[in-house]
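So the structure is just underneath, and the comments pick up after that.
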């Protein structure tokens, strides 16, 4: 769940891009670590009756986020899928209820039309950020794509980031996703409890005495330069 300080970045004028920008740093960080932890696998299978996901020879406990289909252009929240027992949609139900209290009503319907940036992956990254517990994500692809919360992962996946990881991840994010750069950077720092100062043109983040990173923005709010001393 996003920290209360992060939620202060939300306001009544936030559009999908802004909400996604606030969420993606945390979720992408966890997801990158989960992918490294997982390594290679040659097959996937999920048992919705047992809430398990098998990746190669490894089995993970999961709950379900939602589905998309190649036959239409909609997102369906997991609790609409009658085949899934109630106990494996509990995280999603609680996540949506919490988001409703924040008036994020465009993201809480059980059925959402997909359009451009509003796709299954991006919606899942938002729900991971607002989930009541630390989770990662997996999508089983097919005629129907099924999106899952991965539970009970090692605490190391959710550890505080260092400055090297910070710079790597934000560069990956801005090269991959349509985000508000400054909102994304601020939210990621807050979620990792990194002290920072900001002005209209830059954010200065203090990871430790020997590692202070400055992120400079251009007149359009896009990252134009990152400088400082990196640490592990």
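The values are calculated or read from the model by the stated rules, or taken from the named source; none is laboratory data. Since this is a predicted model, take the numbers as computed values, not measurements. Neighbour counts are summed over all protein chains in view; Cβ atoms, including those assigned to glycine, are modelled from backbone coordinates with ideal geometry.
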- Task: Count, please, the residues in the stretch 207-232 that happen to be part of a loop (DSSP other than H, G, I, E, B) and touching a strand residue (DSSP E or B) at 6+ places or on another chain (Cβ under 8 Å).
- Result: 4
- part of a strand (DSSP E or B), crowded, with 17+ Cβ neighbours inside 10 Å and either free of Cβ contacts under 8 Å to residues at least 60 places away in the same chain or assigned by TED's automatic domain parsing to the domain that holds residue 17 (or both): does that describe residue 65? yes
- Number of positions in the stretch 68-90 that are in a strand (DSSP E or B) and either modelled with pLDDT of 95 or more or crowded, with 21+ Cβ neighbours inside 10 Å (or both): 5
- Query: Can you find even one residue in the stretch 49-59 that is crowded, with 19+ Cβ neighbours inside 10 Å and either under 26 Å from residue 178 (Cβ atoms) or touching a residue at least 60 places away in the same chain (Cβ under 8 Å) (or both)?
  - Reply: yes
- Query: Which of the residues spanning the stretch 91-109 are touching a helix residue (DSSP H, G or I) at 6+ places or on another chain (Cβ under 9 Å) and part of a helix (DSSP H, G or I)?
  - Reply: 91, 92, 93, 95, 96, 98, 99, 105, 106, 107
- Task: Among the residues of the stretch 181-206, write down those that are touching a strand residue (DSSP E or B) at 6+ places or on another chain (Cβ under 7 Å) and part of a strand (DSSP E or B).
- Result: 195, 196, 197, 202, 203, 204, 205, 206
- Item | Selection count where residues are farther than 21 Å from residue 65 by Cα and either in contact with a helix residue (DSSP H, G or I) (Cβ under 6 Å, 6 or more places away or on another chain) or modelled with pLDDT under 95 (or both), scope the stretch 135-159 | 0
- Message: Could you go through the stretch 1-13 and let me know if any residue there is part of a helix (DSSP H, G or I), modelled with pLDDT of 95 or more and under 24 Å from residue 176 (Cβ atoms).
- Response: yes
- Task: Determine if the stretch 24-44 includes at least one residue that is in contact (Cβ under 8 Å) with a residue 12 or more places away in the chain, surrounded by fewer than 15 Cβ atoms within 10 Å (Cβ to Cβ) and assigned to a helix (DSSP H, G or I).
- Result: yes
